[in-house]
Amino acid sequence: MNRVSKRASALFLLIILLAGGLGFFVYEYFAKAETWVVSAGSPHIFNSSNIGCGQVVDRSGSLLLDITQKRTYAQNLAVRQSTLHWLGDRQGRISAPAIAHYGREMTGYDLVDGLYSYSGVAGQATLTLSSQVQSAALKAMGDHKGTIGVYNYKTGELLCAVTTPNYDPDDVPNIEGDTTGAYEGIYLNRFTQSTYIPGSIFKVVTTGAALEYVDDILDRKFTCDGVYEYGIDKVSCERAHGTLTLKQALAKSCNCCFGQIANLVGAANLQSYADRLQITEPVKFDGITTARGNFDLSDAARVEIAWGGIGQYTDLINPCRYMTFMGAIAGGGQAAVPYLVERVMLEGEETYSASTTYTDRIIPESTALILQEYMRNNMVSVYGDSNFPGLTVCAKSGTSQLGGEQKSNAMFAGFVTDEKYPLAFIVVVENGGYGSSTCVPILSKVLKACKSVLDGE
């Protein structure tokens with residue numbers, strides 16, 4: 001009798017455990033099944049780490065990628081190449097995190113029927129990119145490595161974000177066997193994942209700091225004899241610029257003057273200002289977190305403070321973040337955060353729609369207006385306003401020195417102030433030499449294409 005009682009107790013305990021386990025399973029199924037099915041890397045909706053169902057179109061509805069049967073890219077070669085770093089490849093060597101971020105919205109799911117995509121139904125994601133502008137940017141970049149990005153600083157829409165080098169996903173080259181270096185860093189989305197020494201485009205930051213921290217900065221003048229010495233160290237320019245105001249120093253991009261200005265602002269103020277601008281912070285959008293920049297004047301000597309204000313010390317910027325900073329200047333101190341995915345449709349219903357979000361107000365409107373004026377002066381007096389017909393462009397060039405025998409990177413950043421064309425941009429050409437001479441011809445073609453798209457042509 002005692003033995004029967006023990007067996008009954010054990011059986012009862014087993015039933016309780018089975019019931020508890022079944023209850024836990026049911027709870028987990030109803031509470032988390034959707035999360036499991038659409039989680040990153042799920043074999044149900046992902047192929048080689050990239051989303052494996054649905055369609056992707058550009059802002060005008062032109063097909064960029066069709067995965068309803070197999071992974072089929074756009075018919076146009078330039079479009080396939082220029083969107084590779086956003087759509088990913090078949091092997092998963094280049095990932096498409098923004099598209100994957102909306103896997104749930106692209107596939108649909110319910111507890112009874114499971115994934116809609118299993119029944120041949122899948123969503124369509126519309127990107128903010130223009131295939132027309134992407135193709136123009138790819139052609140303009142030529143054989144250069146680097147990136148170019150353009151976005152609407154009022155809405156956040158990314159019209160253009162091209163990374164080079166790239167390749168045709170329908171005709172993958174022998175990258176591993178290449179010995180020329182042509183494909184170096186090819187799997188990297190340089191717009192979101194890279195950081196660069198900014199060089200003289202950082203002088204916009206130092207100018208803003210001087211406007212806010214030095215009360216009489218507009219009345220001061222600075223002298224450049226070609227070299228400015230800090231004990232045994234020095235800052236140099238290619239030539240003597242003479243005596244310059246702050247506005248003139250920015251236009252001439254005078255290292256000697258900006259070294260003096262940086263020290264006048266002071267290391268603590270310049271560091272605080274850069275931190276407030278958030279230019280070293282990552283940008284987050286559509287499941288993407290961009291690379292973090294760097295600006296550190298801790299224990300910096302006077303010559304190091306000078307080079308920091310010039311953009312050549314510990315300075316590193318991410319292209320997407322710095323483009324957003326340009327948008328904030330154009331927007332009077334605040335800008336929209338960039339985004340890539342405009343909407344997702346599934347079975348005639350909108351499962352996702354983008355909304356505009358904004359950065360913090362990082363600079364006072366009064367400072368932003370002066371920076372707009374100064375950067376407009378750069379365009380008119382130095383770079384050549386005729387390069388951008390029909391557009392009011394404000395910009396700053398940069399030639400970021402890499403050290404040794406390496407050719408400098410060419411940089412160009414700025415914005416358009418026309419109400420109809422609220423565009424901020426950045427161009428990075430690796431080993432491109434001088435910023436304006438290399439980047440302006442590229443940007444001219446890209447902004448022309450942007451203008452055409454916004455005009456509805």
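The values are calculated or read from the model by the stated rules, or taken from the named source; none is laboratory data. Here the structure is a predicted model, which means the values were calculated and not measured. All Cβ positions, glycine included, derive from the backbone under ideal geometry; neighbour counts span all protein chains shown. These area figures cover heavy atoms from the full protein model, side chains too; ligands, DNA and RNA do not enter into them. Shrake-Rupley method; radii C 1.70, N 1.55, O 1.52, S 1.80 Å.
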- Task: Report, largest value first, the span of the C-alpha coordinates of segment 156-285 along each principal axis, in whole Å.
- Result: 60, 34, 26
- Within the chain, cysteines having no neighbouring cysteine beta carbon under 4.7 Å are C53, C160, C237, C320, C394, C439, C450
- Task: Compute log10 of I(q)/I(0) for segment 308-457 with the Debye formula, placing one identical point scatterer on every Cα and leaving out solvent, at q = 0.09, 0.12, 0.15 Å⁻¹, to two decimals.
- Result: -0.33, -0.58, -0.86
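Rank these residues by their accessible area, most exposed first, probe 1.4 Å: E105, E238.
Numbers: E105 45, E238 155 Å².
Per-residue accessible area, sorted high to low, gives E238, E105.
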- Query: Ordering W307, W86 by how much accessible area each has at a 1.4 Å probe, largest first, what is the list?
  - Reply: W307, W86
- Query: How would T243, T195, T128 rank on accessible area, largest to smallest, probe 1.4 Å?
  - Reply: T243, T195, T128
- Note on the structure: Rounded to whole angstroms and listed largest first, the alpha-carbon spread of segment 157-229 along its three principal axes comes to 60, 37, 15
- For the chain, inverting the pair-averaged 1/r of distinct alpha-carbon atoms gives a Kirkwood value in Å of 24.0 Å
- Item | Under the Karplus curve 6.51 cos²θ - 1.76 cosθ + 1.60, θ = phi - 60°, whole-Hz ³J(HN,Hα) for segment 145-159, x wherever Gly or Pro sits | 8, x, 7, 9, x, 9, 9, 7, 6, 8, 10, x, 5, 7, 7
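List the pairs from K70/K451; K247/K420; K203/K420 whose alpha-carbon separation is above 32 Å, in the order I gave them.
On the way: K70/K451 35 Å; K247/K420 27 Å; K203/K420 28 Å.
Violating the 32 Å Cα-Cα cut-off are K70/K451.
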- Could you give the accessible area per residue of the chain, probe 1.4 Å, as a whole number in Å²? 44 Å²
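Is there a quick way to get the dipole size of segment 152-227? I mean about its Cα centre, with the Cβ of Lys and Arg at +1 and of Asp and Glu at -1; what is the value in debye to the nearest 20?
Working: 5 positive and 12 negative charges, 77 e Å.
Around 360 debye, computed over segment 152-227.
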- Message: As I understand it, the dipole of the chain uses +1 on the Cβ of Lys and Arg and -1 on the Cβ of Asp and Glu, about the Cα centre. Which of A251, A240, G156 lies farthest toward its positive end?
- Response: G156
- For segment 231-310, diffusion coefficient by Stokes-Einstein and Kirkwood Rh (Cα), 10 °C, 1.306 mPa s, µm²/s: 112 µm²/s
- Treat every Asp and Glu Cβ in segment 108-249 as -1 and every Lys and Arg Cβ as +1, leave all other atoms uncharged, and give the resulting dipole magnitude about the Cα centre to the nearest 20 debye. 600 debye
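Given the pairs K154/K407; K154/K445; K145/K221; K221/K407, which span a C-alpha to C-alpha distance of over 28 angstrom in this model? Spell out each step's value before the answer.
Working: K154/K407 36 Å; K154/K445 22 Å; K145/K221 39 Å; K221/K407 32 Å.
Table pairs above 28 Å Cα-Cα are K154/K407; K145/K221; K221/K407.
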- For the peptides 377-384, 256-263, 95-102, what is the packing order when you average, over each peptide's residues, the other Cβ atoms within 10 Å and list the highest mean first? 256-263, 95-102, 377-384
- Which whole-Hz ³J(HN,Hα) couplings does segment 236-241 yield from phi under the Karplus relation 6.51 cos²θ - 1.76 cosθ + 1.60, θ = phi - 60°, glycine and proline marked x? 10, 10, 5, 7, 6, 9
- Query: Given a 1.4 Å probe and the protein chains all in place, what does the accessible area of S60 round to, in Å² to the nearest 10?
  - Reply: 90 Å²
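Scan the chain and note any complete DSSP helix (H) whose C-alpha atoms cover at least 18 Å along its axis and whose Kyte-Doolittle average is -0.5 or more. Display every interim value, and only then the final one.
Working: long enough: 2-38 (52 Å, 0.93); 365-378 (20 Å, -0.64); 435-454 (27 Å, 0.89).
Taking the DSSP H segments of the chain (at least 18 Å long, mean hydropathy at least -0.5), we get 2-38, 435-454.
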